[in-house]
Every structure is written in C-alpha cells, then in structure tokens.
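J.: I have a structure I would like to understand better, so I am pasting it below and will then ask my questions one at a time.
The values are calculated or read from the model by the stated rules, or taken from the named source; none is laboratory data. Source: prediction; values computed, not measured. So basically every Cβ, Gly included, is an ideal-geometry build from the backbone, and we count neighbours across all protein chains shown.
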Amino acid sequence: MRTKILSLGLICLLILGSILFPENKRQINISWKELFPDHLERVYVIMKTGMIFPHSSQDDVMVDMSIGRLKEELERRGYGIKQIAVVIHNHRRNKNFTPSDYRQYWMLKSFGFDGRFLLYCHRTKEVYDIKD
C-alpha cells in the first residue's frame, strides 16, 4: 500500500513538473483563464514547489506590486525570488508588455529570478511570454 501511494505521488510530481517547468518554449498546460475570472488586474507568483501567491490591487487598470514587498513576503514564508517559477499577470485589452512590466521583469532578474514572466490578455484569451 505504501509503495502504491509513493508511486502515485511521484507520478503526480512528474505531471506537475511537466506543467510548471516545460522544456524550451513548449506551451504550459494550465488554464490561465481560470486564474483571471474578471477584468481586475491580478498577479500570481507561482513557486517552483507549486505554491501560488495571488495579489491584486482591486484595480482594472494596474496591479501595484513592489519587488521589495514581494521579497519580504516570500522570505516571511520561507521562499526567495530565486525560487519563483512563474509570474503571470493580466491585461484587459493590450497583449503587449508595458514599460512597467519590463521594469518589474528586470528588477526580478536582478534578484536572481530565472522563471517565466507571462501575461494573460482577456481580449485575445492568450498567454504571452516576455521573452518572445
């Protein structure tokens, strides 16, 4: 019985790993649309362990996320910027990353972030990677 449980657990980890950490540019198989049910701007920080930290300023134009505050909150929970796998946020109409998005991305990179920085656009219902 213990072996079966361990085997099922390992299979689940392998499946989760293939979703969160795809090789190269393969599409992530998560329904990002479900993370953004309305038009409020949100950001989700997904850790390499699978832990998800949502954040919203309850605004439909922008989300206010300070890297310093994010760093403090992650450290309080035993994480660091280097352990982030995915940062995804949303835009209502614009599928392009803004200058502010690029500043946030490069600030995260300066703290050791090596994960994916994504954008979900409500208009196109697509996810975009800042590296593309």
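J.: Take the residues of the stretch 70-116 that are buried (at least 16 other Cβ atoms within 10 Å of the Cβ) and in contact with an Asp or Glu (Cβ under 7 Å, 6 or more places away or on another chain): which is modelled with the highest pLDDT?
T.: Checking each candidate, the answer is R116.
J.: Can you say whether L119 is of a type in the set (A, V, I, L, M, F, W, C), closer than 16 Å to E41 by Cβ and surrounded by 12 or more Cβ atoms within 10 Å (Cβ to Cβ), as far as the supplied structure shows?
T.: yes
J.: Is it true that R26 is modelled with pLDDT under 90 and exposed (fewer than 10 other Cβ atoms within 10 Å of the Cβ)?
T.: In short, yes.
J.: Next up: Go through (1) free of Cβ contacts under 8 Å to residues at least 40 places away in the same chain; (2) in a loop (DSSP other than H, G, I, E, B) one by one and return the number of the condition E75 breaks.
T.: Just one mismatch for E75, condition (2).
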